[in-house]
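> One structure, as structure tokens, below. Some questions next.
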Amino acid sequence: MGLLLLPFALIAYFVAIFLSFVGTLGRSAAARRGEISLLSLAWLLQLAAIVRQGQLVGGFPLTNMGEYLLALGWVVLTFHLLVWFRQHVEAAGLILPPLAALMTLGALLLHARAIPPVPETQQRGWFLFHTTLATLGTAALCVAFAMSLIYLFQDRALKTKRKLRVLERLPSLDACDRIGFHAVLWGFPLLTLGIVTGLVWNWHLHGVLVGNNGAKELFGLLAWAVFALLLYARLARGFRGRKSAYMTIAGFAFALMVVLGMSR
Amino acid sequence: MLVLLGMNHRSAPLPVREKAGFSEHELESVLPRLAGSGPFREAMVLSTCNRVEVLVRAEDGPGAAGALKDFLAEAKGFEVADLDKYGYTYQGLDAVRHLFAVASGLDSMVLGEPQILGQVKRAYALARAAGTTGSIVEHVMQHCLAAAKKVRSETGISRHAVSVAFAAVTLARQIFGELSGRTVLLLGAGKMTELAARHLVGSGASRIVVANRTYTRALQLAESFGGAAVNWDEVPSAMQRADIVVTGTAAAQPVVTKADVQHVLAGRRGRPLFIIDIAVPRDVEPSVNTLDGVYLYDIDDLQQVVDANLEERKRAAEDARHRIEEEVATFERWLQALEVTPTIVSLRRSFQEVGEKEIERHRRRLTGLSEDQQHAVEELTRGVVNKLLHAPLRHLKEAASAGRATSVAKTYREIFALPEGEPEDGDGAQDGDPIRLAGGRES
């Protein structure tokens, strides 16, 4: 595996996460600059690791759980950088880079475990299509999760009227809600397609829709149901705010369990 | 030397400050008069409702502070004893330090308030327009404005809202982000609701809707904001459309109950509602705050926010004073360099003259040499002179940065019998040239 670069990427991640706390709590502009530089560095290193991995396996490196986590961490970081630059929301640095770092760490640890490659079939492309959609969808839901967490923290502080000064360093409630909702709007269709393509792949491989233990499919469908309900309530009824944030977090938790239920 | 005579909200009661204050119109004539009288060469006056500060540069020598007091006493009809009682006098770097602190908001009634910086800028502009600033005051002021900006942005001295109305705006921003496009509903058309509305509009809120028991008053206030007035029984539907509600009626009982708000929420499609209750007794039932997406702040809540922020500013003031000390030190180094510059110039000239004179004296004995050789002799002399100068010049510069300029410069003048006062520099040192200025200080 071309993962020699990953330890360096992880070091960049961890220092950046530390600086993120310094930057947010200590209002240090220098820490912010350091944070964004290191995250950009981690982004580049991880991209290089992915490309190298692709060269080594001679194809698109998204065929097993290690590769999946590697790509997922990278996409989450990409989305975080996008939100930072386009929406000027820096506070998500307390949540998204740690998530991305954990995923990358997982990729590094799984690398030790020998995982059989996906059987060479004519539908290999279909499988890669499935994993790509799932990666992008889960990463978008990560962003929704982060914004929901910040929203809940803010809501609580505003209600209890304490820790109000910390708030000034966070995006407004409105911004959290808006960005989080947009992330769900992107994540949900990707999740839907990811599930459908996954079911089709099962059918192709085993002749059944649901695989051996079915946990992955179950959690995927649960996540899908939560977000479907959330979107319906939001679009039809204007359901938003705290409960919407809780639902997003629940849906995200299910989506994460899909990863744990993966067989390879 | 710089002399500053001033009085502020702590040193003098309002009637005295009023009496001492200058209008801009007055300053147009007072500034030139001040800068042209007695030992004074430059002048600037800062006059606000909380303070009067008169800054002058005077020729060195005793009595500058006394002369300034006499001038102000005469201009404003004070006894000099009154000025001693209500005012304060700073000289030299103390004056600079005080001015830096004033511009940074450290000396303001509300710690760190931003208006004073604009007022200092204005005072500086007025003095420039009146032509009463020379390079010393110019330099003090430019350094002062830069230092004040730095102190404000790099310490917490100006951070966090310290008025109730502004705390409300900060909270509104925290909920809604930008306030543009937001609707504010005022319940009650009193002074306090009006003030809060002004702040919200000033921060970008787009629409104002006013409801009051007497409709005409509501209409009056609404028109002053270009907003709309509604009847009291239309309040629920107005609240459904509003983002921010400010209540300040004189009602003895709550006029907005939890049930009212609950009812309103049903039609809001989950948009958050920020309610600012500045009435005493309160207009809104406190339990409204438990409703999802509703943020209720009463006057005590806002006051607590303000108090906490003021505490924060006090802590930051400590830091700000350190910064100002650093800035004063930087300014002092500039001033010191200014003080040794004429000595450096005289010393260099006096050494060079020795060399040139020696060459002239031996000119005749050099005629036997070729032109090249003559040049070589001149080069050699210059080289010796420069080598000899090297150590004392370095010592002078080091003394200047160590803050011992005046005494060391004096020693050098005595040892090398340098001329007192301005070096006779033929090529027209302009006013503003540090050499000439510093020379002027000596005479």
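The values are calculated or read from the model by the stated rules, or taken from the named source; none is laboratory data. Just so it is clear, the model here is predicted, and its values are computed rather than measured. Neighbour counts are summed over all protein chains in view; Cβ atoms, including those assigned to glycine, are modelled from backbone coordinates with ideal geometry.
> Restricting to segment B:184-213, and then to whatever is among the hydrophobic types (A, V, I, L, M, F, W, C) and touching a residue at least 40 places away in the same chain (Cβ under 8 Å), can you tell me which residue is nearest to B:F225 (Cα to Cα)?
B:A197
> Suppose we filter B:G293, B:G267, B:G355 for residues that are free of Cβ contacts under 8 Å to residues at least 40 places away in the same chain, within 14 Å of chain A (Cβ to nearest Cβ), among the small types (G, A, S) and surrounded by 14 or more Cβ atoms within 10 Å (Cβ to Cβ); which single one remains?
B:G293
> Also: Quick one: B:D301 ticks every box in (1) within 13 Å of chain A (Cβ to nearest Cβ); (2) in contact (Cβ under 8 Å) with a residue 12 or more places away in the chain; (3) under 30 Å from B:G105 (Cα atoms) bar one, so which box is it?
Checking B:D301 against (1) within 13 Å of chain A (Cβ to nearest Cβ); (2) in contact (Cβ under 8 Å) with a residue 12 or more places away in the chain; (3) under 30 Å from B:G105 (Cα atoms), the one that fails is (2).
> Now a separate question. How many residues, within segment B:236-260, are over 46 Å from the mean Cα position of the chain (by Cα) and either in a helix (DSSP H, G or I) or of a type in the set (A, V, I, L, M) (or both)?
Of the residues in segment B:236-260, 5 are over 46 Å from the mean Cα position of the chain (by Cα) and either in a helix (DSSP H, G or I) or of a type in the set (A, V, I, L, M) (or both).
> Do we have B:L273 as surrounded by 13 or more Cβ atoms within 10 Å (Cβ to Cβ) and facing chain A (nearest Cβ under 10 Å) here?
For B:L273, the condition - surrounded by 13 or more Cβ atoms within 10 Å (Cβ to Cβ) and facing chain A (nearest Cβ under 10 Å) - is not met.
> Taking only segment B:1-49 into account, find how many residues are closer than 20 Å to B:Y90 by Cβ, part of a loop (DSSP other than H, G, I, E, B) and not polar (S, T, N, Q).
8
> Another one. Out of all the residues in segment B:164-183, is one or more over 18 Å from B:R313 (Cβ atoms) and of a type in the set (V, I, T)?
There is at least one residue in segment B:164-183 that is over 18 Å from B:R313 (Cβ atoms) and of a type in the set (V, I, T).
> Test B:V345 against the stated conditions and say whether it is at pLDDT 85 or above and crowded, with 16+ Cβ neighbours inside 10 Å.
Yes; evaluated as a whole, the condition is true for this residue.
> Hey, another quick one. Filter segment A:11-37 down to residues that are more than 19 Å from the chain's Cα centre (by Cα) and either surrounded by fewer than 16 Cβ atoms within 10 Å (Cβ to Cβ) or free of Cβ contacts under 8 Å to residues at least 60 places away in the same chain (or both), then give me how many there are.
18
> Now, a different point. Please state which one of A:L256, A:L230, A:L222, A:L235 is at negative phi, in a helix (DSSP H, G or I), surrounded by 15 or more Cβ atoms within 10 Å (Cβ to Cβ) and within 14 Å of chain B (Cβ to nearest Cβ).
Going through A:L256, A:L230, A:L222, A:L235 in turn, the sole match is A:L230.
> Condition first: among the acidic types (D, E) and either surrounded by 12 or more Cβ atoms within 10 Å (Cβ to Cβ) or in contact with an Asp or Glu (Cβ under 7 Å, 6 or more places away or on another chain) (or both). Now tell me which residues in segment B:358-368 satisfy that.
B:E358
> Any residue in segment B:225-235 that is assigned to a helix (DSSP H, G or I) and either surrounded by 14 or more Cβ atoms within 10 Å (Cβ to Cβ) or modelled with pLDDT under 90 (or both)?
So far as segment B:225-235 goes, yes, one or more of its residues are assigned to a helix (DSSP H, G or I) and either surrounded by 14 or more Cβ atoms within 10 Å (Cβ to Cβ) or modelled with pLDDT under 90 (or both).
> Quick one: would you say A:G137 is part of a helix (DSSP H, G or I), in contact with a Pro (Cβ under 9 Å, 6 or more places away or on another chain), touching a residue at least 40 places away in the same chain (Cβ under 8 Å) and more than 10 Å from chain B (Cβ to nearest Cβ)?
It is true that A:G137 is part of a helix (DSSP H, G or I), in contact with a Pro (Cβ under 9 Å, 6 or more places away or on another chain), touching a residue at least 40 places away in the same chain (Cβ under 8 Å) and more than 10 Å from chain B (Cβ to nearest Cβ).
> Then there is this: Scan segment B:171-192 residue by residue and report those that are at pLDDT 90 or above and closer than 19 Å to B:Q304 by Cα.
Listed by number, the residues that qualify are B:L171, B:A172, B:R173, B:Q174, B:I175.
> Here's another thing I want to ask about it. Could you tell me whether B:Y86 is within 28 Å of B:R33 (Cα to Cα), touching a His at 6+ places or on another chain (Cβ under 6 Å) and modelled with pLDDT of 90 or more?
No, not satisfied.
> Quick one: which of B:I157, B:I136 is touching a residue at least 24 places away in the same chain (Cβ under 8 Å) and either more than 14 Å from every other protein chain (Cβ to nearest Cβ) or small (G, A, S) (or both)?
When all the criteria are applied, what remains is B:I136.
> Hey, does segment B:230-247 have a residue that's within 14 Å of chain A (Cβ to nearest Cβ) and more than 23 Å from B:V169 (Cα to Cα)?
No, because not a single residue in segment B:230-247 is within 14 Å of chain A (Cβ to nearest Cβ) and more than 23 Å from B:V169 (Cα to Cα).
> With the requirement that a residue be outside any loop (DSSP other than H, G, I, E, B), under 30 Å from A:F181 (Cα atoms) and hydrophobic (A, V, I, L, M, F, W, C), what does segment B:268-299 give you?
Selection gives B:L273, B:F274, B:I275, B:I276, B:V288, B:V294, B:L296.
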